[in-house]
Amino acid sequence: MNDLVVQTHGLTKRYGDRLAVDSVSMTVRRGEVYGFLGPNGAGKTTTLRMMLGLIRPTAGSASVLGRPAGRPDVIAQVGALVEGPGFYPYLSGRENLRTLARYRGLGDAAVDAALERVDLTDRGGDRFKAYSLGMKQRLGVASALMGDPELIVLDEPTNGLDPAGMADMRALVVSLARGGQTVLLSSHLLTEVQEICDRVGVINGGRLLREARVAELRGEATLRVRATPEDTALAVAMKAAGDDAVHRTPHGLELDLKPAGAPALIRDLVAAGVDVHEVFPTERSLEEVFFEMTTTTQTTPAQTKETVA
């Protein structure tokens, strides 16, 4: 069985003189939650629309489930919520889903199951126009889940949800992947992506800057030390980690040293007469990495990506 659910090669979209997506080559693997990240206007939605066969690429190709994107037999196995839900305002949530289900050859059981998964069963009979923004978003996700598609593409699925609703949506996405479905998730909430995504692709200016596992992007955890006198602590830390691996910060000393080295470091500091106030591991958040990449790579958009195993 092919491990790749989505694969693009040099995917490009140009609107007149504007290059919206520039030669994006990315992969989404079976059973994973893949986070697609980028600032507004970076090319995320355009890339997703090409993957779904909603717009034609100017150059390059996209395959989904091993076949060209947009083919009817592929579309039948993909559920998507892109650029917000669009429904008939005077129909109820359940009636809207039933309309979509008929187009897909699905029965009422699929509608009821989808409403239950997004916690809208009790409000399924209400008209769509009376829904809050969060409820509209839930209904959009429900439409993507009908029929248990192999690939689910969700563009900002937590938009409009309260904190409890966001937590429920995170749990739903994780449960989908655990059940064998593949989720391609676009989100501005990087803490959310950090919690639930296996791999991420970062796009900016239409180019894919990096594709890697979340842990790989964040890098190794390091140590932060707050101790006095700091000059003595600095000398001990430099001996333990190396001269170039220790940095002074307003919060203390930052050491490029794995947390496993903390006990030996503390013993050395105490032996040198240093008062140790704090020693704890630190690691960059995905948000820090994202902002670093999207601000420092503006002028050097060289595309790098993880080698597919």
Among (1) open to solvent by less than 50 Å² (accessible area, probe 1.4 Å); (2) modelled with pLDDT under 90; (3) more than 21 Å from residue 47 (Cα to Cα); (4) in contact with a helix residue (DSSP H, G or I) (Cβ under 6 Å, 6 or more places away or on another chain), where does residue 169 come up short?
(4)
With the checklist (1) among the hydrophobic types (A, V, I, L, M, F, W, C); (2) surrounded by fewer than 21 Cβ atoms within 10 Å (Cβ to Cβ); (3) out of contact with any helix residue (DSSP H, G or I) (no Cβ under 8 Å at 6 or more places or on another chain); (4) touching a residue at least 24 places away in the same chain (Cβ under 8 Å) in hand, flag the one item residue 164 doesn't pass.
(4)
Which residues, taken from segment 50-104, are in a strand (DSSP E or B), surrounded by fewer than 20 Cβ atoms within 10 Å (Cβ to Cβ) and in contact (Cβ under 8 Å) with a residue 40 or more places away in the chain?
59, 60, 61, 63
What number of residues in segment 181-195 are within 11 Å of the chain's Cα centre (by Cα) and surrounded by 19 or more Cβ atoms within 10 Å (Cβ to Cβ)?
9
Can you report the number of residues in segment 213-264 which are part of a helix (DSSP H, G or I), modelled with pLDDT of 90 or more and within 30 Å of residue 194 (Cα to Cα)?
1
In segment 256-296, which residue that is β-branched (Val, Ile, Thr) and open to solvent by less than 80 Å² (accessible area, probe 1.4 Å) is farthest from residue 218 (Cα to Cα)?
274
Result of the Cβ filter at 8 Å on segment 276-293, keeping first residues that are within 13 Å of residue 191 (Cβ to Cβ) and partners that are modelled with pLDDT of 85 or more, at least 6 apart or interchain, is 286/200; 290/37; 290/202
Pairs with Cβ under 7 Å, 6+ apart, first in segment 117-131 and under 18 Å from residue 144 (Cβ atoms), second surrounded by 14 or more Cβ atoms within 10 Å (Cβ to Cβ) and of a type in the set (Asp, Glu):
119/168
Give the number of residues within segment 30-49 that are under 14 Å from the mean Cα position of the chain (by Cα), open to solvent by 30 Å² or more (accessible area, probe 1.4 Å) and either at pLDDT 95 or above or under 20 Å from residue 286 (Cβ atoms) (or both).
1
Yes or no: residue 178 more than 21 Å from residue 76 (Cβ to Cβ), in contact with a Gly (Cβ under 7 Å, 6 or more places away or on another chain) and open to solvent by 70 Å² or more (accessible area, probe 1.4 Å)?
no
Return yes when residue 74 is out of contact with any helix residue (DSSP H, G or I) (no Cβ under 9 Å at 6 or more places or on another chain) and modelled with pLDDT under 95 and no when it is not.
yes
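The values are calculated or read from the model by the stated rules, or taken from the named source; none is laboratory data. Predicted model, so just to flag it, every value in this text is computed and none were measured. Every residue, glycine as well, gets a Cβ built from its backbone with ideal geometry; the counts of neighbours run over all protein chains shown. Note: accessible area is taken over every heavy atom of the protein model, side chains too, but ligands, DNA and RNA are not part of it. Shrake-Rupley method; radii C 1.70, N 1.55, O 1.52, S 1.80 Å.
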